[in-house]
1. List, please: which pairs have Cβ atoms under 6 Å, are six or more places apart or on different chains, and start with a residue in segment B:308-325 that is free of Cβ contacts under 8 Å to residues at least 12 places away in the same chain and end with one that is surrounded by fewer than 23 Cβ atoms within 10 Å (Cβ to Cβ) and not acidic (D, E)?
2. How many of the residues making up segment A:627-651 are open to solvent by 50 Å² or more (accessible area, probe 1.4 Å) and more than 8 Å from chain B (Cβ to nearest Cβ)?
3. Conditions first: (1) modelled with pLDDT of 95 or more; (2) among the charged types (D, E, K, R); (3) open to solvent by 20 Å² or more (accessible area, probe 1.4 Å); (4) under 27 Å from B:Y422 (Cα atoms). B:R392 passes all but one, so which condition is the exception?
4. Among the residues of segment A:727-786, which ones are within 14 Å of another protein chain (Cβ to nearest Cβ) and either at positive phi or in contact with a Phe, Trp or Tyr (Cβ under 6 Å, 6 or more places away or on another chain) (or both)?
5. I'd like the residue in segment A:740-760 that is more than 31 Å from the chain's Cα centre (by Cα) and without any contact (Cβ under 8 Å) to a residue 60 or more places away in the chain and, out of all such residues, is most open to solvent (accessible area, probe 1.4 Å).
6. If you scan segment B:405-425, which residues turn out to be buried (at least 22 other Cβ atoms within 10 Å of the Cβ) and within 14 Å of chain A (Cβ to nearest Cβ)?
7. Which condition does A:A591 not pass, out of (1) buried (at least 21 other Cβ atoms within 10 Å of the Cβ); (2) away from chain B (no Cβ under 13 Å), if it passes all the others?
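The values are calculated or read from the model by the stated rules, or taken from the named source; none is laboratory data. Predicted, not measured: the structure shown is a model, and the values here were computed from it. Glycine also receives a Cβ, built like all others from the backbone with ideal geometry; neighbour counts cover every protein chain displayed. Only protein heavy atoms, including side chains, enter the accessible area calculation; ligands, DNA and RNA are left aside. Shrake-Rupley method; radii C 1.70, N 1.55, O 1.52, S 1.80 Å.
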Amino acid sequence: MKRVVFATFVLLLSVSASPSGVHAAPIGIEATHDQTGVVEGTVTAAVTAQPLAGAQVYVLDSDLGALTGSDGTYRIENVPVGEVTVAAQLLGFGPAEQTATISEGETVTLNFEMAEEALALDAIVVTGQAGQARRREIGHSLTQINVSDAVERASTLEQLLQGGAPGVRVSFTDASVGSGAAIRLRGNVSVTQGNQPLVYIDGVRQAADGYRSGGNTKQASPLDDINPADVERMEVIKGAAASTLYGSEAAAGVIQIFTRRGGDGDPQFTYETDQSVSWVRAWGSDERPRMNMDPWLRTAHGQRHNLSVQGGAERFRYHVSGSLTDRDGAQVDEFENRYSLRSNVSVNPTESLAVDVNSMFSHHAFETQPSGNALASIFFNVYRAPNNFVGGARAEDPEFVDQINLLRARSSETTNQRQNLGITANWTPTDALATRVTFGYDRLQQDQMVVLPFGYVTNPDGSITTADWHNEAVSVDAVANYEVGVTESLRTTFSAGGELVQRQEHSMVGSGSGLPGPGRHTLSSTAQQSVSQTGLLIRTGGLFVQNMLDFSDRYFITTGVRVDGSSVFGDDFGLEVYPKLSTSYIISDEAFWPDHWGVLQLRAAYGFAGRAPDAFDAVRTWTPTSFRDQTSFTPSNVGNPELGPERTGELELGFEGSFLDERIGIDFTYYRQNSTDALLNVGQSPSLGFGGSQIVNVGELRNTGFELGTNVTLVRSPDLAWDLGLNVTTNQSEILDMGGVVSYTLVEGQPAPAIRGHRILNKDEFADPEIERDAFFGPAEPTHIIGLSTSLNLPYGVMVTARGEYMGGHYVNEFASNLLAQRGPGALGCDHAYRIVPHGEYSGPGDTHPNLDQLRAYDRALCYESSQSAMWRLPQDFARLREISARAPLPVTIPGTSDAFVTLSARNLARWVNHDFYSHDPETQGAANPMGSLTGGSVTDHVPAPATITASLRVTF
Amino acid sequence: MRRSRRLLGILTLALLAGCDLTADNPGPIQDDFLDDPGAHSAIVSGIELNLVQGVNMVGFFGSEAAKEYTQGGRIHPIKLPPNPGQLDRDEDLPNNAWNTAHQARWVAEDGVRRLRQTRDDFATSPLAARALLYAGYANRLLGENMCEAVIDESDAQSRVVHLERAEGYFSEAREVAMAADEPVLATAAQAGRASVRLFTGDLVGADQDAAGVPRDFQFQLEFGANPESHRNFIQFISNNNPYRAHSVYETYYEGYYQETGDPRVRWDQDPDVPTAEFEWVPWYFQLKYTEVTSPMNLSSGREAVLIQAEIALEAGSWQEAVDLVNSLREGLVSDHDGEPLPLWEADNAEEAWTALKRERGIELWLETRRLGDLWRWVEDSTPGEMEDVSDRIRLCIPIADSELQANPNLSLDHPDPVNPLYTGS
C-alpha cells in the first residue's frame, strides 16, 4: 500500500511538470524597459502618521517592488513609462493603491497612508493551505505574529511567541544559557508522543523538535537557531482542524516561519546591536531569597550584532544577513556564543516562474553547569546543604563556598550547528494554474564534551564523555492549484499535492573513566572506555487533494483529504486517511449588513491529523550487547505490526471581526479535539519474555476550550494611539479511554496527565494532618491562560509595548521541596513554620513539641522529615510580566544613515505566585527533554529564567 | 521548452519511483535477523546474559529472604523493600526478580525454538546444547524460587511445572552435548537434572544422575565487568564503593565463620569502615566472590554429593548421609588456624538432617539456591535444624504486580502463599 501513495505522488508530479494540458508562458517576452522612470515615496500609518517599515510596495502586473525601510521610505526603479498602478500592503493594515503616470527619466512620488485593519480579510496566508489563500477563504483559526514590526528585542523566537497569541504556551524551565522552551498549542494531544508543534521555515520542515540532551546538559531548541532579525512573520495553526494537510506529524499544530525577502532597488544595509544585562530575581522566601545561590549567580552581560543587506533588480532580489551573539549566563561559568548567516535569493527567470533559494547556517556554542538532581549540580549541592555530595558544610559555614566551588572544575561544552536550505519554484503558467515544488534540507549537528577532571570532587578518577549527534530531514513537496470560474459568482479551486520527508538521526556517545592524571586529556587517555551508537531512518509520504468552492466571494467551503504512509507504521497497518471540511462566511459582505457594523467572518472547520509513533515502535527488536567480549542479543521491543499513528479529530467554531471603525478586533474560537487510537504504553506480561511495555493504539483523549483574542484601540489620534490586547485561553483535557492500561496519573475521566497524590484535608487546623491518599488534584496543564498586552504610540515616533501572562488551574508535583523537607535543611516555603517549630524538631503525628498547637496540619504534613513526596502537590498558578519595551527614533541623524532607532526592552521583571505555592518558581518544571515529552508534572531544582534588560540601536544606511 | 519539461517530468518520475516508504534501520536488531545461523552464537550469549541478570535479581532478593545476608543499604535504582527479606509483592521487589528471571526463561526457550527451527545440525550442535542447558538452569531458577509458575501468560500453575521443564531441557541438553562431543556440557546437564529431580521427588533418577558427576566437577555462570548489570551483583553490592549494601551480620554464617574459619563462607570487616550504608548494620562483607566477574556455580560435583546425601537421608541411611556430608569437609582447612575443618557429628537422623541442611547452606552459599531449599524442607516437614524462618512471611517470590496487571489470566487479587512457619502478624 505504501507504494500506492508513491505511485500517485509520482504521477501527480509528472503531470504538474509535464506540458500537456497547460499553457506555458512565452519565454523571452520580458520587457527591456528602455524607457523607464522611478517611483518613490513614504508609507505611513493613516492615523498616527508614523512611518511603516517592512511594507511591500509594488507595481501591479509586474515584478517590480520594494520594501519600505525603517523610516517608511521606498524606491522602485526601472518602472516602465506610462500609467501604472502601485500598491502597498502590510500585515495589520488595509491594502492601498495609487495610479501614476511615469515619464522617461523622471521620479514620481507616491506616498501611502495605510489604514489600520483589525481584520484583513484579503491578506494572504499560507500555513494549512494547499497553496496561498486569502484569509476570508479559510474556515479555521490562524494566528499571524508580525515579528518584523515587534518593538521588543527578543533574543529568540520562542520569547516572541510567549504570551503572543491565544492558545500558545511557551515555557522556559531554567536560567541556563542554551536552554530551549517547551511549546504547546492547546495543551497536550498525546501522552506518549511528542507534543511540540511541527515547525516549517519558509516551507521547509524542521528536522527535529530539539537538540539532544545528555550528560546533564540542557536541551537547545532549533527554533533558537533562527535569528529573530531575519524573520518577517510567523503563522500558527493550533490543531488538527487546520493542520490536516500536514498529516501524521501535525496533530500538535504547526508553526511556520517566514523570513525576510529582498526588495527592488539599491542595497539597503541595516545594522543592529543589542546590549543586555541579565540577573536572577529572588524567587525564594525572605530567609532564602535565592536559596543561598548568591555566590554562583551574577549580573551577566550579553551582546548581539546583526548586519543585513537587501536589495535587488527587476528579476532578482536578495536579503543577506549575519548575526553574532555573545552572552554570559546568569549562573557562573555559563556562556554562549552564536553566529548565523542567512541568504534569501529570489529569481524570476520568466514571467511565470519564480525561484526562491533560502539558506541558513548557524553555529551555537555554549557551556552550562548541570542542574536538577545531579551529583555535580551546583544548585543541587547548594540548596541541599549540608546533605550534599561535596563536604556537607552548611550555607553559613566559612568553608561552604570553597566546597561548592570544587564542582566548578567540571566542563561541559556543546556546539550545535544548523544548516537549512530551501529551494522553492513557483510556476504559474496560466492565470488558472499555479504549481509549487519545494525541496528542503535541514540538518542539526551537535558535538558535546563533558569532562570531570582528575581529582574531581564527585569522581576522583575523572571521566570524559563525548557525543556526536546529528539529525537531518530531506523533504520534497509539490502542489498544484487549478482555479476555475464556473459561473460569474461561483469559483472553484482544486488542489493536489504530496509531500515526502525522510528523516535520519545518528548518535554516537563515547564514555571513558579513569584519567591518567591532571591536565587535558582525550577519551583515548581514559582507562575504561565504552561507546554507544544509535541511528534511525524514517520515511513518511503523503498525498492530498483539496477543493475550495467560492460563492460570491463570501461563502467558502473547503474539503480535502490527506493519505499518509510511513515506515514507522506497522506492516499490517496500511495507510492513514485524514479528511477535513471547513467553511467560511463573510456575513458582513451581505447586503443587509450596514457598513458601520464593521467586518465579521464566521468560521467552522473539522479535520483530522495524526501523531506517528517512533521509528522502532512497530517492530520486534533485540538489543545487541557486548557480554564478556561477545555479541549478545537481549529483548528490546515487543513490536506491534498493527501500530499506526494517533488520530486527532478537531472541531473549530469561531468568528473574527472588527468593529467600531476598526477600533475593536475580536477573534474567537471554540475547539474540541478528540484523539482516538491514542498511543499508550501497554504493560507486557514478563512471562512473555519482553516485559516492559509496548506502544499500542488503545486510548482516547479529549481537549476542549476556547480562545479569545481581542484588541481594542482606546485612543487613536495623530499624537497618540493606545491599543490594549487581551487573550484568553481555556483548556480542559480528559482521558476518555485508557484501553485497560493502568496508570497512576493517566486515569479515565481525569485530565491528561492528572496531578495525583495525598491531599491534606484539614490544612488550616492546628492538628495532625488528615490525609486522603491518591487524590486527584487537577491537571498538569493550565486550564486558563490570560494574556494582556498594550502598545502606545507617542509623539515623535516613540512606541511603548508591554505584555503579561497569567496561567492557572494547574497543579504540580513539588519534587524539589519535598527533598528539602525530607533530606535537606527544610523546604523553602516552610520558613514561616520553622519559626514556630524548627526543622528537625517535629517527628510526625504524635509528636509533643511545645509549639505544636501553633502549627497547621498542612505545615506538619509538608515541612518536616516525615513528609511524603505524594503530599507535595501544589497549585501552580502564576502571573508574569513577560516584557516591557520602548522604542524611539534617534533625535539626531548619524552621518551616512537614513534613520536610527533605540530600543529598551525588559523581560521577566515581575511575577506573582499562588499563596499555597510553597516552592521555587512555578515555571521551573522540567524534564530532560522538555520539547519532546508530556509537559507538566514536576517542579525540579533549577534556577528560574532570569530577568533581562536589553538596550538596542538600529541604523539603516 | 516542451521537450525540457517532458524531460523534467521523466526525471521526477524516475527519482521518486526509486523510493519507497520502508526503512532499513540501523541499531536494534529486527527479529527476523536472528534466524540467520550467523546470529546464533549471539543468541546463546544473550541467553547466558539473561540468566546472569535473572540470577542476580533473584539472588539479591531471595538470598536476603533466606538469611544468607543482611541488607546494609539502598541500591540504586532498586527501591528498598519496606520489609527487607519479606518478599512482599509491594514495591519493586518481585517485579525485578520476577521480570528478569522470566525473561531469562523465555529468552532461553525462544533461542532453543529458533535454533531448532533453523539449524539442520541441531541435534549435534554445541550451540544448541548450550542453549538447552541454560534453558534448564533458567527453569530451575524459577522452579526453586518462584511461588508459582506462569508460562507465556498462562494462569498460575504449580512451580513444579518449571522443574519439569528444566528436567526436559537438561535431558535434551545432555543428549545433544554428548552427540556434539561436549562432555562438560553433558555432565553439567546431568548435574542440573539431578538437582531438579531431587526437588520433584524423583530420588532414583536424581541419585543416578548425581552419581555420574565427578566430585571435582564445576559448571559456572560467568559474569562480565561492565556494565553493572553484567556483574556478579552480590559481589558488586558488597563493595564499599558504591553501595556497601550487603553484610553477613546476623546470619548463621557470621558466627559459623568466626567459629570455624570455613573458607567457603569467608567474610571480613574493615576497621576504617565499620558500618554498612545503614549505620545500624555492621559491615561484614562476603569474600566468596572477590571480583565483579567472579563466577557462580550452577552445578558441581560437591552439590551432587549433597544430593546423594539427602537421598540417603530420605532412605533412612542417616549415617551414610553424614559420611557423605563430612566427605566434603575433608581436605578443607580453616582460615583462622590452617587446621582441618571440624566434621559434623550426628547420632540420629534428625542430627544428620541438621548436618545436611547446614552443609548445603555452606556449600551453596550465595548461589540463589537456599530459598528453594528452605521452602522445600518446610513444605516436606523434614527434620533437623536450619535457619529460623518463622519471621519470614513467605519463602518464595510471589507473582509480580507487573505480571498480574498485564496477564489476562491473572488479577491483582491473586492470593500469595504464606510460609506455614510464619508466626508474625
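1. If the second residue must be surrounded by fewer than 23 Cβ atoms within 10 Å (Cβ to Cβ) and not acidic (D, E), the pairs left are B:E320/B:A312.
2. Looking only at that region, the number is 4.
3. Condition (1) is where B:R392 drops out.
4. Correct list: A:G739, A:G740.
5. Here the answer is A:V742.
6. Within segment B:405-425, B:A406, B:N407 qualify.
7. Condition not satisfied by A:A591: (1).
Conditions tested, residue by residue: (1) at pLDDT below 90; (2) in contact with a Leu (Cβ under 7 Å, 6 or more places away or on another chain).
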position	(1), (2)
A:T493	no, no
A:E499	no, no
A:G514	no, no
A:L536	yes, no
A:D553	no, no
A:G560	no, yes
A:L581	no, no
